[in-house]
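Let me begin by presenting the structure, written as structure tokens, before commenting on it.
The values are calculated or read from the model by the stated rules, or taken from the named source; none is laboratory data. Note that this is a predicted model, so its numbers are computed, not measured. When we count neighbours, we look across all protein chains shown, and the Cβ atoms used for this are built from the backbone with ideal geometry, even at glycine. Surface accessibility is based on the protein's heavy atoms, side chains included, excluding ligands, DNA and RNA. Shrake-Rupley method; radii C 1.70, N 1.55, O 1.52, S 1.80 Å.
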Amino acid sequence: MSLSHRTQFALIAIAAFGSVVGGVLLSYFVRVDACYMCSFQRFMYLLVGFFALGGVLMPRGHRLWSLLVV
């Protein structure tokens, strides 16, 4: 089974945004502030998610988006 580039980028974006949302919810419910490393890691996940979202919305440049995601 071979997935298209758009599907692969969509899965990466869902995983990245899901990780950020999970971390924010966990810190909210446990009532613990995120450390600097956690905040930086969330920012990096958001960056990867937005690059992957760019690959979903503009699939013609999938090689560029692949380089940016990695």
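Model label sites at Tyr28 and Leu11, defined 7 Å from Cα along the beta-carbon direction, differ in position by 2.9 nm.
Helical runs (DSSP H, four residues minimum) scored at -39500 (n - 2.57) apiece and divided by the length of the chain put the mean residue ellipticity at 222 nm at -27000 deg cm²/dmol. Taking a ≥ b ≥ c as the square roots of the Cα gyration tensor eigenvalues, the stretch 14-53 comes out oblate, since a/c reaches at least 1.5 and a/b does not exceed b/c. In this rough spin-label picture, where each label sits 7 Å from Cα along the Cβ direction, the Phe43-Met1 distance is 3.8 nm.
Ligands, DNA and RNA are left out, and with a 1.4 angstrom probe the accessible area of the stretch 1-53 is 78 Å² per residue. With the highest mean first, a sort of the peptides 7-17, 36-46, 53-63 on other beta-carbon atoms found within 10 angstrom per residue produces 7-17, 53-63, 36-46.
Taking the 1.4 Å solvent-accessible surface of the stretch 8-70 as the whole, the part contributed by carbon and sulfur is 74%. Orientation-averaged projection of the chain equals 5.3 nm² [convex hull of Cα atoms, one quarter of hull surface area].
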